[in-house]
Amino acid sequence: MESGPETQRSRRSFLKTSSAAALAGTLTSSTALSSEADGGSRQDPLRLGLISAATYGYMGAQRTPGSFHGTAFATICNGYDAAKREQIEGTFVAAEKRLEGVRVVRIWDPVKSAAQRLADVCYIPIVCDNADQCSEDVDAVLIVDDGSGQHGKYAVTPLRRGVPTFCDKPLAMTGKQAKQLARVARETGTPFMSASSLRFVPDVVALAEQVPSLGDIHLATSICGNELIYYGIHALEMAYAVLGPGAVSCLNVGQPGRNIVRVRYANGRDLMLLVGEREWMRGGFQINLYGSRGWRSVTPDLTDLYWYLLDRFVDLVRTGNESVPIEEEVEVIAVLEAGKRSLAERREVTVAEVLQ
């Protein structure tokens with residue numbers, strides 16, 4: 001039986017109280033949501049809504065059953081029935097590592113039959129008739145990359161309802177669209193997160209910790225495969241995770257499908273962003289830093305990468321800690337758009353102008 005508005009408000013009040021306590025140092029991090037071995041108390045599980053999670057249609061293509069991110073998120077939170085998984089059609093990523101203290105309780109997808117099948121496999125009790133219903137009687141919402149580049153539109157309703165929201169990468173396909181969503185989040189005061197999972201894998205986190213030992217870093221490269229905005233976000237966010245924000249302009253000296261983007265920062269640093277589509281290069285991820293006292297090259301291990309991503313979002317919901325301020329994610333989208341425009345217009349494009 002579903003609880004009513006009063007119960008929902010009570011749970012949100014509890015979460016806010018918990019967040020305040022955590023900020024004061026009385027709660028542990030989200031990686032310790034389950035009870036301690038010594039018998040410590042267990043926090044209430046977070047109830048999540050999962051949006052656009054069961055089918056995928058890249059850039060206007062017809063949606064087909066299966067979702068890389070959607071199934072990964074569902075299985076990280078809920079686990080899955082192994083026998084039923086064998087019968088499900090399309091892409092299904094069975095996460096090996098569970099995130100304790102969270103539970104997907106609602107799911108929606110434009111193809112309801114696909115949502116019903118995923119719900120059956122992953123023990124999700126409620127299949128919604130529309131996206132807005134996924135932000136009813138839940139503590140947070142996960143919006144999944146569905147290939148359209150337009151999934152950010154589903155964030156508006158939960159943000160206005162005050163439901164903490166995660167929006168999968170890319171937040172939007174243009175800087176202006178990303179900026180509009182950020183404005184809604186800030187105006188409502190609703191916790192909001194969007195990020196590439198590459199930010200949080202241990203190899204990238206460790207690289208960020210090594211930066212001071214490399215001296216001044218004036219040059220760096222970051223590399224990945226496929227389309228510049230939709231997948232190049234992974235390469236750029238690795239750089240942002242390690243070096244921070246502050247890009248001001250892009251000059252793309254590549255060719256269609258083979259992007260060589262010089263990203264210039266306000267401090268004079270240059271990042272070369274290399275993103276090639278499948279016809280031109282094999283996919284993968286790498287980041288290289290060239291400092292005055294040393295170099296580092298990392299090809300990150302992607303094991304459990306979505307677990308680390310959702311763990312950070314749960315930490316935001318529980319504690320209010322913003323691991324990625326939404327303004328930084330807006331900048332990321334604007335940089336990628338500037339890089340794409342630079343190739344098309346054969347000129348240097350500033351980040352500021354794409355946000356005007």
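Yes or no, residue by residue, for (1) touching a strand residue (DSSP E or B) at 6+ places or on another chain (Cβ under 9 Å); (2) free of Cβ contacts under 8 Å to residues at least 40 places away in the same chain; (3) of a type in the set (A, V, I, L, M, F, W, C):
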position	(1), (2), (3)
R278	yes, no, no
G291	yes, no, no
G294	no, no, no
V298	yes, no, yes
D304	no, no, no
V324	yes, no, yes
S342	yes, no, no
E348	yes, no, no
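Might you let me know whether the stretch 162-172 holds any residue that is under 22 Å from I229 (Cα atoms), among the aliphatic types (A, V, I, L, M) and in a strand (DSSP E or B)? Give the derivation first.
Within the stretch 162-172, the subset under 22 Å from I229 (Cα atoms) is 165-172.
Add one more test, that the residue is among the aliphatic types (A, V, I, L, M), and what stays is 171-172.
Now drop any that are not in a strand (DSSP E or B), which leaves none.
No, that holds for no residue.
Only one of L228, L198, L181, L236 is assigned to a loop (DSSP other than H, G, I, E, B), buried (at least 23 other Cβ atoms within 10 Å of the Cβ) and at pLDDT 95 or above. Can you tell me which?
Numbers: L198 fails: assigned to a loop (DSSP other than H, G, I, E, B); L181 fails: assigned to a loop (DSSP other than H, G, I, E, B); L236 fails: assigned to a loop (DSSP other than H, G, I, E, B).
Selected residue: L228, the only one of L228, L198, L181, L236 that is assigned to a loop (DSSP other than H, G, I, E, B), buried (at least 23 other Cβ atoms within 10 Å of the Cβ) and at pLDDT 95 or above.
For residues that are part of a helix (DSSP H, G or I) and free of Cβ contacts under 8 Å to residues at least 24 places away in the same chain, scanning just the stretch 50-106, find the one that is farthest from R318 (Cα to Cα). Step through it out loud before you land on a result.
If we filter the stretch 50-106 for residues that are part of a helix (DSSP H, G or I), which is where we start, we get 58-60, 68-78, 82-85.
If we keep only those that are free of Cβ contacts under 8 Å to residues at least 24 places away in the same chain too, we end up with 82-83.
Details: A82: 31, A83: 34 Å.
Here the residue is A83.
If P110 meets every condition in (1) assigned to a helix (DSSP H, G or I); (2) surrounded by 14 or more Cβ atoms within 10 Å (Cβ to Cβ); (3) at pLDDT 95 or above apart from one, which number is that one?
(1)
Table: residues versus (1) within 21 Å of V201 (Cβ to Cβ); (2) basic (K, R).
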site: N267; (1), (2): no, no
site: D270; (1), (2): no, no
site: G276; (1), (2): no, no
site: L309; (1), (2): yes, no
site: R312; (1), (2): yes, yes
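Between T165, T174, T188, which is in contact (Cβ under 8 Å) with a residue 60 or more places away in the chain and among the β-branched types (V, I, T)?
Only one candidate passes the filter, namely T174.
So I229 passes all but one of these: (1) within 19 Å of D168 (Cβ to Cβ); (2) touching a Gly at 6+ places or on another chain (Cβ under 6 Å). Which condition number does it fail?
Against the list (1) within 19 Å of D168 (Cβ to Cβ); (2) touching a Gly at 6+ places or on another chain (Cβ under 6 Å), I229 comes up short only on (2).
For I223, which of the numbered conditions (1) in the same structural domain as V351 (by TED's automatic domain parsing); (2) more than 29 Å from T64 (Cβ to Cβ); (3) among the β-branched types (V, I, T) fails to hold?
Unmet condition: (2).
Here is a list of conditions, (1) more than 25 Å from P191 (Cα to Cα); (2) surrounded by fewer than 15 Cβ atoms within 10 Å (Cβ to Cβ), and A95 meets all of them except one; can you say which number that is?
Failed condition: (2).
The values are calculated or read from the model by the stated rules, or taken from the named source; none is laboratory data. Since the model is a prediction, treat every value here as computed from it, not as a measurement. With ideal geometry, Cβ positions are generated from the backbone for all residues, glycine too; neighbour counts draw on all protein chains shown.
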